[in-house]
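A short reminder: the numbers here are calculations on the coordinates, not readings from a lab. Since this is a predicted model, take the numbers as computed values, not measurements. As a convention, Cβ positions derive from the backbone with ideal geometry for all residues, glycine included, and neighbour counts pool all protein chains shown.
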Amino acid sequence: MRQLSISVVFVRAVLKYAVARGLDPVALLRENRISPRLLEGDDPRISIERFADLQVSTMLAMEDEFLGYGPQPLPLGTWSMMCHAVIHCDTLGKALARYCRFFGLFQQIATPKLIIEDQNAIVRLTPHDKQQDMDTYAAELALFNCHRFMSWLASELLPAQAFNFAHAAPKHVDEYRPMFAGNPVNFDQPHTEMVLKEALLEMPVTQNEQSLARFLRHPVLALLTQQYDQASWTARVKQLLRKDLVNMPELEPVAATLDVHPQTLRRRLSKEGTSFSELKGQVRRDVALHYLGKQGLSIEEIAHRAGFSESSAFIRAFKGWTGVTPYTYRKGL
C-alpha cells in the first residue's frame, strides 16, 4: 500500500453535516485516531488510510453514502449495488452509461449524464434545481468517484481532457492535481463535468465478480490508493525515492533509472505540477505520517525510516508539514 496523505480541508468536508445529523465530529475523529487539533488550520495532513476510515465511519453513522450533501440520504449499500449493476458490462462505454443511469434513479442535487460531443465523452452533473448551487465538495466527490471507479474497471488511470467545475477555485487548489491524477482542473466553468476522449469508451472492462468482492472490502480506500502500470512521472519518481529513504537518490540517478535526461524529467514533473525536491519532501512526510499511526515505534525510529539522520531535523520538518510536533500528533491519535 502506498503511504499517502491528504489535507485536513477534506476531513472538514467529510464532517460538514455531522452535527446536523446529530453526530459528534470529535467522537468520529477520535474513533479513527485523528487529533481534533489538526483541524484548526489548513496546512496539517493525515494519512490516507485514516481519511478513508473516517469517511466510511461517517457514512455509516449518518446512514448516508453521500455524507449529508444530498436533499435526502443516499442509502447504505447504494455504491455496492451500482458496482454489481455495471460489473458485467464488456466495455467502459456501457459501464459509464449504466453508472449514470443508476445514479439517475436517486433524487440527489444533481444527476450524472453521459454526453457524446465533438469526439468527447462528457459526464456532466446536471442539477435538478438550477437555482440551487451544488456544494463544492459534493461536486468534487462525485467526479472523483466516477473517474477512479472507471479507472478501476479498466485497470488503467484514465487520462481526462479536463475536470471542469462551476464553482470558483478554492484556497487549497494545489490539492486537486493529485486528486484528479494530474489531469487539467478548471474552475468557474459553465458546467461541472469530466471530459474524456470518446475513444476510451471502447476500452474493455477488465474486472470481474471476484475482483469486485475484493474491491468492496474497502472501496473508499481502493479508489484513493489504487495503482496501475500506466503511472505518472510523479508516481514513478516517488516509487524510486521510497526504495531507500536513508540514502535517497538525487535527480540524476533517478533520471538515469527512468531512462530520460535529467532536464527532461524536470520538465515532465513541472508539467504535472511538481518538482523533484517537492517529491522528496512529500515522500518523507507521507512515510512519517504512516508510521506515526503504528504502535511501538519511537520518534527516533520513525525519523530514521523517513530518511532523517537526526530526530531534531525530523521534528522541525514535521512541524512544517502539519503545524504540530510528532509528539503532539501522536498524542491526539
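Summary table below
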read-out	value
Inter-part distance where the range 269-301 and the range 178-251 are each reduced to a Cα centre, Å	19 Å
Highest-MSF residue in the chain out of 264, 274, 136 [GNM, Cα springs under 10 Å]	264
Shape metrics for the chain, restricted to C-alpha atoms - Rg then Dmax, Å	20.4, 57
Residue 260 paired with residue 214, simple spin-label distance in nm, labels 7 Å along Cα-to-beta-carbon	2.9 nm
Under 29 Å from residue 197, Cα to Cα: lysines that are on another chain or at least 8 residues apart	94, 113, 130, 238, 271
Additional length obtainable on full extension of the chain from residue 312 to residue 60, 0.36 nm per residue less Cα span	86.7 nm
Long-range amide H partners of residue 185 with built H, under 5 Å	163
Residues whose placed amide H lies under 5 Å from that of residue 16, excluding near-sequence neighbours	none
The chain: most fluctuating residue of 94, 171, 319 per GNM, C-alpha cutoff 10 Å	171
Along principal axes, Cα extents of the range 5-62, largest first, whole Å	28, 20, 16
Alpha-carbon gyration tensor eigenvalues x 5, square-rooted, for the range 258-307, Å	31, 10, 7
Positive minus negative residues near residue 68 (Lys, Arg vs Asp, Glu; Cβ under 12 Å)	-2
Among 183, 145, 247: highest mean-square fluctuation, GNM of the chain, C-alpha pairs under 10 Å	247
Within the chain, longest stretch free of exposed GluC sites (Glu not before Pro) [DSSP loop, at most 14 other beta carbons within 10 Å]	64-249
Sum of -39500 (n - 2.57) over DSSP H runs of 4+, divided by residues of the chain (222 nm, nearest 500)	-13500 deg cm²/dmol
Mean Cα-pair separation over length for the range 75-164, i.e. relative contact order, pairs under 8 Å, 6 or more apart, %	19 percent
